[in-house]
Amino acid sequence: MLKLHDIASRILRDDRRLLRFSPLLLASFIYRGAVTLRNHFYDTGIFHTRKIKCRVISVGNIIVGGTGKTPVVIMLAGMLKEHGYRPSILSRGYGGKREGRTSVVSDGHNILMGTDEVGDEPVLIADSLKGVPVIIGKERSLAGKLAVERFGTDVLILDDAFQHRRLFRDIDIVLLDSEKPFGNGFILPRGGLREPEKGLQRADAIIFTSTEGSADPATNNMPAAEIPQLPTFKGCRKARELAGGEAKDIRPLKYLKKKRVCAFSGIANPDSFRRILEPLCEEITVFIPFPDHHVYTEKDIGHIREACRESRAELILTTEKDGIKLIKFPDFFRDIYRLRMEMEIIPSSLNFEEYILTRLEA
């Protein structure tokens, strides 16, 4: 029997054998109706949004899976800090024991909770940013109020919050994958869409994201009606450096040039990680994909070590997101490298940094 994550992955890859499964069609129709009704209630004022005493920027998408939200959140926070703002980041804390409960992951100086408690992404964000508090909570308005009162926050950055409409936002940024912005075009669970494409009309700006080394974006071939006339940017996820198990063990990408690599990842789109690695190293001797948000066990560690040994790889490599979850296995953590990524906004006629700062000052 197929595991649940295998089924979900095949649906998102547009596997026609599963898409003909009629219960998925019915469930998708019901889900679409519920989402449409909820959005209507917010649009007409039946459901109210809440405001807090600071600016709010939301970074989200309309499809499940990775579009580069975390690198964009990190980039935004760093940019705002450089310009004298006091940003904090709010996340749901998906997959942790404290999911849904308002908790401070980082006070900007110290990481106070681990991945078991709050999930991988908040800890990754906290580890990547110094001087920026990270808070989780299902009720974003409560978490935002805590950030303002405790840390003097003047700009909140909401991670993955386009569908969380209870908190008013000044800027709504939506990320779309350049190659397949709407997946197979169907709503959950038949497809990957969280809501119909017309939800993009709520956005203030769109970033089409791609991974370095992927095919040229195909956005010019999409019907114009599907993409509203909004400020549009292009972002590229790029490899930056390698980080080892010791704090000072940082290597340039050229360190991989003649290495035979055993790689593994538990992200939404593991193929994107593989595409980035291929031109950087001599050979990927074995590539092991795990489900998104995978919780690693001793058995997994043993499997990875054995695969590395059998393939005669010289180095074990994973993503930063996976690496954060492996700190609890110190012996293994010291033996691996993590590929650090960054999001680069491709220069265009409209400057992204100028756009954000202007909107915040308006």
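The values are calculated or read from the model by the stated rules, or taken from the named source; none is laboratory data. These numbers come from a predicted model, not from an experiment. Glycine also receives a Cβ, built like all others from the backbone with ideal geometry; neighbour counts cover every protein chain displayed. Please note that ligands, DNA and RNA were not included when accessible areas were found on the heavy atoms of the full protein model with its side chains. Shrake-Rupley method; radii C 1.70, N 1.55, O 1.52, S 1.80 Å.
Ignoring any ligand, DNA or RNA, what whole percent of the accessible area of the chain comes from carbon and sulfur when the probe is 1.4 angstrom?
On the way: 9250 of 17850 Å².
Carbon and sulfur together cover 52 percent of it.
Going from most exposed to least, what order do GLU212, GLU354 have by accessible area with a 1.4 Å probe?
GLU354, GLU212
If packing is taken as the mean number of other Cβ atoms within 10 Å per residue, what is the order of 313-324, 63-74, 40-51, highest first? Walk me through the numbers on the way to the answer.
Details: 313-324: 21.4, 63-74: 23.2, 40-51: 11.5.
Order by mean packing, descending: 63-74, 313-324, 40-51.
Want the number for ARG275 to ALA362: 0.36 nm per residue separation, take away the alpha-carbon distance, what's left?
Numbers: separation 87, 0.36 × 87 = 31.32 nm, distance 4.07 nm.
In short, 27.2 nm is gained.
Over 29 Å between C-alpha atoms is what I'm after, so list which of LYS130/LYS259; LYS53/LYS328; LYS51/LYS180; LYS81/LYS325; LYS51/LYS328 land there.
LYS130/LYS259; LYS53/LYS328; LYS51/LYS180; LYS51/LYS328
Show me the ranking of peptides 84-90, 252-258 by mean Cβ neighbours inside 10 Å, starting with the highest.
Numbers: 84-90: 22.6, 252-258: 13.4.
My ranking of the peptides, most packed first, is 84-90, 252-258.
What ranking do 145-152, 344-351 get when scored by the average of other Cβ atoms within 10 Å per residue, highest first? Display every interim value, and only then the final one.
Numbers: 145-152: 16.5, 344-351: 11.6.
Top of the packing list down: 145-152, 344-351.
Mind telling me which of PRO23, PRO196, PRO122 comes out most flexible in a GNM of the chain, alpha-carbon contacts under 10 Å?
PRO23
Using +1 on the beta carbon of Lys and Arg, -1 on that of Asp and Glu, and nothing else charged, what's the dipole of the chain about the Cα centre, debye to 20? Mind dumping the intermediate values first?
On the way: 56 positive and 49 negative charges, 133 e Å.
Roughly 640 debye, rounded to the nearest 20.
Calculate how many DSSP beta bridges within the chain are antiparallel, expressed in % of all such bridges and rounded to the nearest 5. Write down the numbers at each step before the final one.
Details: 15 of 57 bridges.
Bridges in the chain are about 25 percent antiparallel.
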